[in-house]
Amino acid sequence: MGIYADMKIVSSLEKMRPMDELPGTDIKKITALKGENVNFQVYVKIAERLTLPVTVESELSKYATLYQVRDTIVDFIWFCDEDVITDKPGIMPDILIPLSDQNGYYSASRYGSCMWVNIKLPEDIGAGEYDFMVHFGEDCASVSIEVVDAVLEENTLKYTQWFHPDCIASTHNVAMYSDEHWKLIENYMLLAKETGINMVLTPVLPLNLDTDRGFNVKRPDCSLTDITVINGTYSFGFDRLGRYIDLALKCGMQYFEISHLYHAGGAEWCINIEADVDGERKYIFDSSMRADTEEYVGFLKAFVPALTSFLKDKGVFDKCYFHISDEPNKNNIDIYEYANKQIKPLFEGRPLMDALSEVDFVERGLMDVAVAEIAHIEDFINKDFEEKWCYYCCGDWDKVSNRLLFMPSYRNRIIGLQIYKYGFDGFLHWGYNFTYVSGSMFDINPYVSQSSSNMFPSGDAASVYPSKNGAYPSIRALVFKEAIEDIQLCRTLEKYIGKERVVELIDKEAGMNLTFKDYPRNAEFLPRLADKMRQMIKELSK
């Protein structure tokens with residue numbers, strides 16, 4: 001093997017920390033359908049430090065992106081159960097830096113490190129076996145990739161991770177909606193699309209998520225709407241919103257998640273809104289003001305119809321989903337119901353969706369699309385909705401799926417099978433690129449803290465890392481994309497044998513009735529099941 005003490009092809013579900021024991025299995029063959037993403041890692045450990053040029057020898061090389069896997073900081077662990085990698089602060093592999101940003105070089109380590117390989121197979125690629133060889137200087141790691149003569153079904157899952165334009169401006173130190181900011185927004189959106197996101201949070205009013213109230217704390221204003229008040233009459237300009245929509249469509253976004261109209265936590269409070277009032281720039285509402293007032297309701301009854309009219313003119317109204325307030329609870333259900341009755345008719349039949357952990361809102365008929373917290377999914381799973389959605393966040397710990405840094409990657413990816421089995425239409429996660437402390441008192445460097453400065457479990461607030469001209473993906477983001485493709489794989493097999501038999505296969509291979517809390521706790525189950533499905537598709541498609 002030359003200078004290398006160890007070199008192996010390992011699963012994308014392995015998180016190889018420095019000095020971890022190397023998995024015994026050296027993967028020799030991988031199967032995939034046409035249109036599928038192939039992910040694996042090349043583990044390298046050497047006796048000395050070296051930075052070497054990397055080249056790929058394969059007919060698939062033009063479809064491949066190589067990443068140096070870098071460690072990030074696990075600085076805060078809020079909770080943990082028995083199914084975690086560690087319960088102590090430290091470091092964890094997660095940052096994926098394209099080797100193209102390192103001039104094609106890979107930095108090896110005597111402690112052991114990984115290079116991540118992502119191969120995006122086109123739908124028109126020829127079936128058959130392809131050798132894929134990765135050369136590190138004079139040494140080489142190789143794997144055979146069998147492409148099955150069947151095309152992966154298109155994705156139908158709606159997937160949003162909250163996109164924070166204000167955090168982009170703060171992190172990269174550029175002026176809000178300057179030319180530099182718009183270019184960064186585009187690059188962040190393109191990466192979002194690459195990681196499976198197809199719905200984008202659209203801040204038609206300032207984002208007040210994770211912002212304390214009562215302390216005059218205001219996030220930078222990233223509203224896409226210009227508001228003018230002359231002699232008490234509102235008018236609205238949507239030029240920035242139009243540019244944002246056009247850019248999102250260009251980047252591959254299919255749906256628009258219209259930002260919340262009330263402060264988070266139940267619709268009791270206004271959000272911070274600035275306007276030009278008779279020639280003077282000032283706040284017309286802020287989060288210290290109650291929202292169940294004639295003034296605020298009157299503002300919304302002027303704003304929402306103007307907004308919906310513009311969205312219709314842009315041709316995207318039927319792709320929009322609307323929010324009232326994030327994560328309301330039973331203590332403020334009455335005020336939420338009041339807001340619902342005032343505002344819902346203005347949506348003209350488009351779905352109202354909010355994240356929920358308490359089913360009382362559903363029982364009162366206050367939600368078209370309840371985005372159910374998966375830790376409480378049993379309360380929602382048999383309810384009748386226009387669409388079934390779920391989400392997780394830092395509050396979910398009871399054995400359910402999540403992408404927190406200290407959790408194994410199979411616990412991230414398993415949600416794909418769960419979503420498929422139980423027929424969910426959409427998934428929401430709040431932390432695409434949130435880089436403020438909880439409460440938004442100040443911004444943080446995600447390379448220094450992955451917990452928003454000890455406010456969330458590490459890894460909850462962001463799935464990407466800022467780069468010079470945009471952002472880098474994470475292991476967690478690409479593994480979740482694998483979860484989405486697991487759904488597509490199930491749907492591909494379903495064409496041949498029906499969903500009931502696909503679910504039977506999942507449970508049989510799992511050795512249990514797979515639920516949101518009960519699933520195999522190992523890194524072997526998901527790749528093994530996926531390979532079996534591909535081989536079945538191969539035989540059935542002849």
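The values are calculated or read from the model by the stated rules, or taken from the named source; none is laboratory data. Computed from a predicted model, the values in this text were never measured in an experiment. Cβ: placed from backbone, ideal geometry, glycine included. Neighbour counts: every protein chain shown. Keep in mind that these areas ignore ligands, DNA and RNA; they rest on the heavy atoms of the full protein, side chains included. Shrake-Rupley method; radii C 1.70, N 1.55, O 1.52, S 1.80 Å.
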(message) Return the pair list, or none, for Cβ contacts closer than 8 Å from residues in the stretch 273-286 that are of a type in the set (Ser, Thr, Tyr) to residues that are open to solvent by less than 40 Å² (accessible area, probe 1.4 Å) and not in a strand (DSSP E or B), at least 6 apart or on different chains.
(response) TYR283/ASN272
(request) Would you mind finding the one in PHE385, PHE299 that is in a loop (DSSP other than H, G, I, E, B), on the phi < 0 side of the Ramachandran plot and not small (Gly, Ala, Ser)? (result) PHE385
(request) Give the residue, chosen from ASP212, ASP226, that is in contact with a strand residue (DSSP E or B) (Cβ under 8 Å, 6 or more places away or on another chain), surrounded by fewer than 21 Cβ atoms within 10 Å (Cβ to Cβ), within 27 Å of GLU295 (Cβ to Cβ) and modelled with pLDDT under 95. (result) ASP212
(request) Scan the helices (runs of 4 or more DSSP H) fully inside the stretch 157-271 and keep the ones with 2 or more residues being basic (Lys, Arg). (result) 179-194, 239-250
(request) Determine which member of the set GLU146, GLU153, GLU138 is buried (at least 16 other Cβ atoms within 10 Å of the Cβ) and under 22 Å from VAL56 (Cα atoms). (result) GLU146
(request) Determine the pairs where a residue that is without any contact (Cβ under 8 Å) to a residue 24 or more places away in the chain and surrounded by 17 or more Cβ atoms within 10 Å (Cβ to Cβ), located within the stretch 367-387, has a partner that is of a type in the set (Ser, Thr, Tyr) and part of a loop (DSSP other than H, G, I, E, B) with Cβ atoms under 8 Å apart, the partner being 6 or more residues away or on another chain. (result) ALA372/SER357; GLU373/SER357; GLU373/TYR392; HIS376/SER357
(request) Just one of (1) surrounded by 18 or more Cβ atoms within 10 Å (Cβ to Cβ); (2) in contact (Cβ under 8 Å) with a residue 60 or more places away in the chain; (3) small (Gly, Ala, Ser) trips up GLY439, so point out which. (result) (1)
(request) Could you please let me know if TYR496 is surrounded by fewer than 23 Cβ atoms within 10 Å (Cβ to Cβ), in a strand (DSSP E or B) and not charged (D, E, K, R)? (result) no
(request) Kindly provide the set of residues from the stretch 292-301 that are among the aliphatic types (A, V, I, L, M) and surrounded by fewer than 16 Cβ atoms within 10 Å (Cβ to Cβ), ordered by number. (result) VAL297
(request) Considering each residue of the stretch 103-133, count those that are within 12 Å of LEU52 (Cβ to Cβ), aliphatic (A, V, I, L, M) and either open to solvent by 30 Å² or more (accessible area, probe 1.4 Å) or under 27 Å from the mean Cα position of the chain (by Cα) (or both), and give that number. (result) 1
(request) Please find, among GLU348, GLU327, the residue that is closer than 23 Å to THR202 by Cα, open to solvent by 50 Å² or more (accessible area, probe 1.4 Å) and in contact (Cβ under 8 Å) with a residue 60 or more places away in the chain. (result) GLU327
(request) Name every residue in the stretch 235-265 that is under 18 Å from the mean Cα position of the chain (by Cα) and not hydrophobic (A, V, I, L, M, F, W, C), in order of residue number. (result) GLY252, GLN254, TYR255, GLU257, SER259
(message) Name the single residue that is farthest from THR233 (Cα to Cα) among those in the stretch 277-291 being open to solvent by 80 Å² or more (accessible area, probe 1.4 Å) and in a strand (DSSP E or B).
(response) ARG290
(message) For the list (1) within 21 Å of LEU346 (Cβ to Cβ); (2) surrounded by 15 or more Cβ atoms within 10 Å (Cβ to Cβ), I need the number of the one condition that LEU249 fails.
(response) (1)
(message) When you scan the stretch 256-264, do you find a residue that is surrounded by fewer than 21 Cβ atoms within 10 Å (Cβ to Cβ) and either more than 30 Å from GLU358 (Cβ to Cβ) or modelled with pLDDT under 95 (or both), even just one?
(response) no
